[in-house]
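What follows is one structure encoded as structure tokens, with my remarks underneath.
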Amino acid sequence: MTAAIHKSSSGRWKKGWLDSARHLPSPNYGLRPPGADIDLVVLHSISLPPGQYGTGAVQQLFTNQLDWDAHPYYQGIRGLEVSSHFFVTRLGEIWQFVSCDDRAWHAGVSQWRGRERCNDDSIGIELEGLEGLMFEAAQYQALDRLCQAIGAHYPVRHIAGHEHIAPGRKQDPGSGFDWPQLRQSLHAGHATSAWEFPSQV
């Protein structure tokens, strides 16, 4: 896997890349439609193999470097080409794979706030975890910092889970994710105080 580039400054952007994230560019992205209004953050959860953390396999998947024969589970996702803008590890490390100015491949068939194809105008954040299980305090802290940086730079007004934009098809981040805690922290932040949450949470 290509070595990540880590920059220490926080909250600064260059062509859609956040300085405080570890940069590992993915080939799995495209241009946003002309005039796309980037007003949604979508939260996901992922771990590879499922329930195993810190393996580096998520980074490998998003950069098309995963060894499909390394684990039996990978046979079911062989050839999958996906990405997310960000990935937050259990330790609270923030990785970035796609410029937020571009379209990452994270949402799939989806619909939210009266629009379809949520990839077109959203920023995708993957949390290292397994749907239905709890997440770490370090992840909530990192997620809050990340959302503050996003909210200060992009016209985001909505945040939802994959389970909300693709109900019946996806279930992440799942019941173990503490939406009330996130809502309290984001509504207390200057850049995210007006963000709208799903009515179900």
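The values are calculated or read from the model by the stated rules, or taken from the named source; none is laboratory data. Everything quoted here is computed from the prediction, not taken from an experiment. When we count neighbours, we look across all protein chains shown, and the Cβ atoms used for this are built from the backbone with ideal geometry, even at glycine. When the accessible area is computed, the model is the full protein with side chains, heavy atoms only, and any ligands, DNA or RNA have been set aside. Shrake-Rupley method; radii C 1.70, N 1.55, O 1.52, S 1.80 Å.
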(request) Give just the number: which of (1) in a helix (DSSP H, G or I); (2) open to solvent by 20 Å² or more (accessible area, probe 1.4 Å); (3) in contact with a Leu (Cβ under 6 Å, 6 or more places away or on another chain) does residue 51 not satisfy? (result) (1)
(message) Looking at (1) of a type in the set (A, V, I, L, M, F, W, C); (2) out of contact with any Lys or Arg (no Cβ under 8 Å at 6 or more places or on another chain); (3) in a helix (DSSP H, G or I); (4) more than 25 Å from residue 111 (Cα to Cα), which one does residue 138 not meet, given that it meets all the others?
(response) (2)
(message) Condition (residue is open to solvent by 50 Å² or more (accessible area, probe 1.4 Å), closer than 19 Å to residue 125 by Cα and touching a strand residue (DSSP E or B) at 6+ places or on another chain (Cβ under 8 Å)) applied to the range 60-76: is it met by at least one residue?
(response) no
(message) Residue under question is residue 104, and the condition is that it be within 18 Å of residue 179 (Cβ to Cβ) and either aliphatic (A, V, I, L, M) or without any contact (Cβ under 8 Å) to a residue 60 or more places away in the chain (or both); does it hold?
(response) no
(message) Looking for something open to solvent by less than 20 Å² (accessible area, probe 1.4 Å), in contact with a helix residue (DSSP H, G or I) (Cβ under 9 Å, 6 or more places away or on another chain) and of a type in the set (A, V, I, L, M) - is there at least one such residue anywhere in the range 78-87?
(response) no
(message) Contact list please: Cβ distance under 6 Å, first residue in the range 37-55 and among the polar types (S, T, N, Q), second residue open to solvent by 40 Å² or more (accessible area, probe 1.4 Å) and not in a strand (DSSP E or B), pairs at least six apart or on different chains.
(response) 45/131; 47/53; 47/130
(message) Which residue is least open to solvent (accessible area, probe 1.4 Å), if the candidates are limited to the range 157-201 and must be touching a residue at least 40 places away in the same chain (Cβ under 8 Å), part of a loop (DSSP other than H, G, I, E, B) and farther than 24 Å from residue 136 by Cβ?
(response) 166
